[in-house]
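Data first, discussion second: the structure below is written as structure tokens.
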Amino acid sequence: HSMDAGAVVKGEGKPNDLMERIAKDPLFKAVHDDLDRLIDPILFVGRAPEQVDEFISEEIVPVIEANKALLAVESVDDVNV
């Protein structure tokens with residue numbers, strides 16, 4: 001099904017109908033009632049949320065802390081004529 005759905009997307013420019021194909025296939029009957037749950041995107045993000053938190057705390061926060069004085073400067077982009 002995956003190859004056929006991919007061919008339709010790539011060759012015909014149509015939307016991906018993989019899930020519809022699976023939903024109609026009797027060989028997948030055992031999972032038909034669970035398809036929506038099984039394709040929940042949150043199941044496929046892996047460690048991304050934790051990695052973002054780690055990156056922010058290890059890379060971003062130290063830069064912000066080191067430049068706190070610069071962040072406290074009031075805007076200097078006024079035009080004086």
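The values are calculated or read from the model by the stated rules, or taken from the named source; none is laboratory data. Since the structure is predicted, the reported quantities are computational estimates derived from the model, not experimental observations. Neighbour counts run over all protein chains shown; Cβ positions are idealised from the backbone, glycine included. Protein only, heavy atoms only, side chains kept; ligands, DNA and RNA dropped before computing areas. Shrake-Rupley method; radii C 1.70, N 1.55, O 1.52, S 1.80 Å.
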How big is the dipole moment of the chain about its Cα centre under a simple scheme where the beta carbon of each Lys and Arg is +1, that of each Asp and Glu is -1, and everything else is neutral? Debye, nearest 20, please.
540 debye
Shape of the chain from its Cα gyration tensor (a ≥ b ≥ c, root eigenvalues): rounded if a/c is under 1.5, otherwise prolate when a/b > b/c, or oblate?
prolate
Taking R0 as 41 Å, what FRET efficiency do you get between residue 44 and residue 66 from their Cβ-Cβ distance, rounded to the nearest 0.05?
0.70
Accessible area (Å², per residue) of region 9-81, counting only protein heavy atoms and a probe of 1.4 Å:
92 Å²
Place +1 on the Cβ of every Lys and Arg and -1 on the Cβ of every Asp and Glu in the chain, take the dipole about the Cα centre, and give the residue among 72, 51, 2 whose Cα lies farthest towards its positive end.
2
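Compute the FRET efficiency between residue 34 and residue 7 as 1/(1 + (r/R0)^6), taking r as their Cβ-Cβ distance and R0 = 35 Å, and round to the nearest 0.05. Before the final figure, lay out each step's value.
Working: r = 26 Å, r/R0 = 0.75.
Computed FRET efficiency for residue 34 and residue 7: 0.85.
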For n ≥ 4 DSSP H runs only, could you compute -39500 (n - 2.57) per run for the chain, divide by its residues and tell me the 222 nm figure to the nearest 500?
-12500 deg cm²/dmol
Nearest 10, in degrees from 0 to 90: the angle of helix 2-12 to the longest Cα principal axis of the chain is 70 degrees
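Of all accessible surface on region 10-81 at a 1.4 Å probe, what whole percent is carbon and sulfur? Walk me through the numbers on the way to the answer.
Values: 3950 of 6650 Å².
C and S fraction of accessible area: 59 percent.
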Between residue 27 and residue 54, Cβ-based FRET efficiency (R0 41 Å, step 0.05) works out to 0.50
